[in-house]
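I have placed the structure first, in the form of structure tokens, so that the comments after it can refer back to it.
The values are calculated or read from the model by the stated rules, or taken from the named source; none is laboratory data. What you see is a predicted model; the values in this text were computed from it and never measured. Every residue, glycine among them, receives a Cβ derived from its backbone with ideal geometry; neighbour counts consider all protein chains shown. Remember, those area values only see protein heavy atoms, side chains included, never the ligands or the DNA or RNA. Shrake-Rupley method; radii C 1.70, N 1.55, O 1.52, S 1.80 Å.
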Amino acid sequence: MSNSDIRDVAEVRLSYQQQFSLLDYAVFVTMLSICGVIGVYFGFVNKQKSTQEYLMGGRNMKLVPVCFSLVATFISGISLLGTPTELYIYGTSYIFSFSGAVMMSIVISYTFIPVLHELQLTSAYEYLELRYDKRTRFFGSVLFSIYLLAWLPIVIYVPALAFNQVTGVNIHIVTPIVCSVCIFYTCLGGLRAVVWTDVIQTVVMIGAMILVIIKGTVIVGGFEQVLIKNWNSNRIEFPPLSWDLTERHSFLAVSIGSTFYWIGLIAVNQSMLQRFLSLRDLKTSKRAVWGFLFGVLFVVLVCGYSGLLAFARYHDCDPVDSKLIPAKDQLLPLLVMDVLGDWNGLPGLFVAGVFSAALSSLSTGLNSMAAVVLEDFWKPFFKPLTDKDTQILVRMVVVILGCICVGLVFVVEKLGPVLQLTMTLSSASMGPLAGVFLMGLFMPFIDGTNALIGGVTGLLSAWWVAANSQWAQTNGFLNFNEKERFTVNCTYSYERSATSVDVDDVEVPYLYRISYLWFTTFGCTVTIVIASVLCLRKFPKIQSDQSLFAPFIRPWIGKSRPVI
């Protein structure tokens, strides 16, 4: 083949966009329409008769739909696109962090869920006032709100980029349209609409991924070829047995570190707890924990395998180094258009699946934020509302917050490298909150003042470490070893990357080099240590209400101790 016959990488990239047909658009629009119809059904046909029904589904939700909803909420578009990239770039060590999810499930099944379910709370942060005081409750609610406002715009932005890659449609056209549908059905139908749309969206999401890996595996020559190519490049590996906290996915990081990471992500997150508490009894809620665990494991394994499949497919011509994709997280959309592009309708199904993951996270966030605003920001400080006014308030929160998130997408787009910083800071935020909850459940001698000071100190410390770590990565001072990639057999021309500048002489402090899986542990540990030291300043009073503690702690609490 002569040089004149070799296509430029930009031309190849454009050819993938041109494969998105009218049928693909029709499939995508159909998914949005079904979600809208569900909102209309629960908003006008099977109407929510009270605020409790709107926010909690009348605490009578069914197990299977809630499990689907929990999985859909956790597997956002970020996870759906990020997990394949993680295994493609760094190998399979990340998958072992799921051991932390198992430990988290055991912990919340026997501590968080029994306590919160017995108290019949709407907002999980009501517990902090019952256990400590109003100040601590306000701290927890504000922290969750900041986390949600930082996370939701990114959840929307990432799949919008994927849509732009496979269609060429501007993200500022598709984002308002898709999010308007989500705001519509969340506002009208409440929790029931959110849960049932999550069921539809989870089926679409998983179905699209399964189609990709089945056809892709056939194209590369079978499952054995996928394993051989990844094994030879050392992508299939176990976490290294190392005590070094800077090892990105060491055995310690994927076991102990990821346990705290998952507790911060699930156990103190109103978006997740609200679904567990919407079930009729404790036994069903515990079943939901394990249903969620196995559902997430299945989806993560499917997404992870697609990353290994991508390497087998692009073994001789890496799309990252050859500039076929402008960002690493666009690897999966490229694989989809490459594998399914000649089957009209299937790329549309995949895009619908990616947006389904984003919409489920957005709708859940809006619904849970409505509960937090009502229970934690309105009721403690303002006069009681009638049931009608309350329903107006929570729907206004959904609409206003939804519009704010759509607006923040414009900001996220301009942040560039700070995008990952925002995600890191929001992740670090949940460590101190986990510490405050854990002290409440297990340490009866910690009072509200100690918990609040510990929480604020832990938060500032975790933010400081996460921000400096991310700054070092952004400026190239901190890099992690990537698996080998090849461009020996590319059939298109591309501009070779310039030789990178050596920045190894810049010394990054050890604390800033720790694995991201330790950020939550760090914030949680600082919170607990500071609060424990402060309780030594005076003889501690023991909270006497045994219902506020983990069940196995209760027999050790004296019944006649003074109440804080």
Among the residues of region 58-66, is there at least one that is crowded, with 24+ Cβ neighbours inside 10 Å and either at pLDDT 85 or above or among the β-branched types (Val, Ile, Thr) (or both)? yes
| said: Tell me whether region 162-179 contains one or more residues that are under 22 Å from residue 14 (Cβ atoms), touching a residue at least 24 places away in the same chain (Cβ under 8 Å), open to solvent by less than 10 Å² (accessible area, probe 1.4 Å) and small (Gly, Ala, Ser). | reply: yes
Picking from 521, 499, the residue that is modelled with pLDDT of 90 or more and either within 30 Å of residue 554 (Cα to Cα) or among the hydroxyl-bearing types (Ser, Thr, Tyr) (or both) would be 521
Among the residues of region 434-487, the number that are hydrophobic (A, V, I, L, M, F, W, C), surrounded by fewer than 17 Cβ atoms within 10 Å (Cβ to Cβ), in a helix (DSSP H, G or I) and touching a residue at least 12 places away in the same chain (Cβ under 8 Å) is 5
Note on region 37-50: residues surrounded by fewer than 19 Cβ atoms within 10 Å (Cβ to Cβ) and either outside any helix (DSSP H, G or I) or of a type in the set (Ser, Thr, Tyr) (or both) are 41, 46, 47, 49, 50
Margin query: Kindly evaluate residue 110 against the criterion of being among the hydroxyl-bearing types (Ser, Thr, Tyr), surrounded by fewer than 18 Cβ atoms within 10 Å (Cβ to Cβ), farther than 30 Å from residue 230 by Cβ and at pLDDT 90 or above.
Written below: yes
Quick check: anything in region 13-36 surrounded by 24 or more Cβ atoms within 10 Å (Cβ to Cβ) and under 21 Å from residue 289 (Cβ atoms)?
-> no
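Just to check your reading of the model, which residue among 124, 162, 193 is among the aliphatic types (A, V, I, L, M) and farther than 21 Å from residue 69 by Cα?
162
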Going through (1) open to solvent by less than 10 Å² (accessible area, probe 1.4 Å); (2) in a helix (DSSP H, G or I) one by one, residue 235 fails only at (2)
* To do: Evaluate the following for residue 347: is it more than 30 Å from residue 125 (Cβ to Cβ), open to solvent by less than 10 Å² (accessible area, probe 1.4 Å) and at pLDDT below 90?
  => yes
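Rundown of residues vs (1) farther than 17 Å from residue 271 by Cβ; (2) open to solvent by 70 Å² or more (accessible area, probe 1.4 Å); (3) at pLDDT 90 or above, yes/no style:
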residue: 373; (1), (2), (3): no, no, yes
residue: 390; (1), (2), (3): yes, no, no
residue: 393; (1), (2), (3): yes, no, yes
residue: 406; (1), (2), (3): yes, no, no
residue: 409; (1), (2), (3): yes, no, no
residue: 414; (1), (2), (3): yes, yes, no
residue: 419; (1), (2), (3): yes, no, no
Okay, helices (runs of 4 or more DSSP H) sitting entirely in region 51-160 with 1 or more residues that are in contact (Cβ under 8 Å) with a residue 24 or more places away in the chain and within 14 Å of residue 269 (Cβ to Cβ), I get 63-74, 98-110, 112-119, 126-131
Do we have residue 225 as farther than 30 Å from residue 470 by Cα, among the polar types (S, T, N, Q), in a helix (DSSP H, G or I) and touching a Leu at 6+ places or on another chain (Cβ under 7 Å) here?
no
Note on region 241-269: residues without any contact (Cβ under 8 Å) to a residue 12 or more places away in the chain and of a type outside the set (Phe, Trp, Tyr) are 241, 242, 244, 252
Return a yes/no flag: does region 286-305 have any residue that is assigned to a helix (DSSP H, G or I), in contact with a Pro (Cβ under 8 Å, 6 or more places away or on another chain) and under 30 Å from residue 364 (Cβ atoms).
-> yes
Flagged in region 198-222 as open to solvent by 50 Å² or more (accessible area, probe 1.4 Å) and under 24 Å from residue 353 (Cα atoms), in numbering order, are 200, 203, 210, 211, 214, 218, 219
